Amino acid sequence: MKGVEKVNFVTGGGNDNLAKIVEKYHDKFTGFAHHALFEEGAAEELERAVEDLGLRGYKLIGSAQTTPVDDEATYPVWETAERLGVPVLIHFGILGGGGGPPYDLRNMNPLTLWEVAKMFPHLDFVVPHFGSGYLRELLQLCWSCPNVHMDTSGSNQWMRWLPYELDLEGLFRKAVETVGTDRILFATDSSYFPRGFSEPYLVEQLRACRSIGLEEDSIEKIFYGNAKRLLKLE
């Protein structure tokens, strides 16, 4: 449907619930663990989610945490993810919609991840929405930490809150010029059914990539190959 080969859900009503959905539609769906970062036994739950439930990574909303994500209490989670070889997706920046303000302003800034990304160089991190208002900081993080990727998800309406003009073409151009096409992943930010897959985001982002002159092999990496590699899909 819509030319989509695989869909990766980053949340799904708890790890066990999402794992049941993924197992039922394993030919189409994969999913990420999404339990609380600072709950007791978070590292053990991540291992269970990957090893026993078959989930392919870990997602959390940094901006919603009450403690900075580089607190040493989080290190067992990062150690586990690195050992298991699964990526970690962390939302920084503006929460958008009904998300409200962050609980800790430090967790809005992707640079909060700098120490963790340097300490765990073999762990792949993905920051969605181009940093959701923190593009400069995300580019600085990617410059110093080659294990940090960015994804393109959503409408990227956070661009309205920047103190300078930026459009989708300019956003992709700057990301490609600095980070390169190997560390940019397409994502839709699609939500619950019946809305389902947000095809307009795909159409708009493909148009933007072609309008700035990206070659088809680079487009293939962004919209397919990089995610396939990180999720270890055959």
Next item on the list: Take region 60-79 and flag every residue that is polar (S, T, N, Q) and surrounded by 21 or more Cβ atoms within 10 Å (Cβ to Cβ).
Entry: Ser63, Gln65
Notebook entry, point to check: Is there a residue in region 47-59 that is buried (at least 21 other Cβ atoms within 10 Å of the Cβ) and more than 19 Å from Phe9 (Cα to Cα)?
Noted result: no
Next item on the list: Could you grab me the full set of residues in region 152-187 that are in a helix (DSSP H, G or I) and of a type in the set (Phe, Trp, Tyr)?
Entry: Trp158, Trp161, Phe172
Checklist line | Single match in His91, His35 (criterion: within 17 Å of the chain's Cα centre (by Cα) and closer than 19 Å to Gly133 by Cβ) | finding: His91
Margin query: Filter region 122-151 down to the residues that are over 21 Å from Phe32 (Cβ atoms) and outside any helix (DSSP H, G or I) and list them by number.
Written below: Gly133, Tyr134, Pro146
Margin query: Looking for something surrounded by fewer than 19 Cβ atoms within 10 Å (Cβ to Cβ), of a type in the set (A, V, I, L, M) and more than 21 Å from Ile94 (Cα to Cα) - is there at least one such residue anywhere in region 145-166?
Written below: no
Margin query: Going by what's in this entry, would Thr188 be described as surrounded by 17 or more Cβ atoms within 10 Å (Cβ to Cβ), free of Cβ contacts under 8 Å to residues at least 40 places away in the same chain and within 16 Å of the chain's Cα centre (by Cα)?
Written below: yes
Next item on the list: Give the residue, chosen from Lys221, Lys174, Lys118, that is closer than 25 Å to Arg83 by Cα and in contact (Cβ under 8 Å) with a residue 12 or more places away in the chain.
Entry: Lys118
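Each value in this text was obtained by applying a stated rule to the coordinates, not by laboratory testing. Note that the structure is a prediction, hence the values are computed from the model and not measured. A quick note on method: Cβ atoms are made from the backbone with ideal geometry, for glycine too, and the neighbour counts reach across all protein chains shown.
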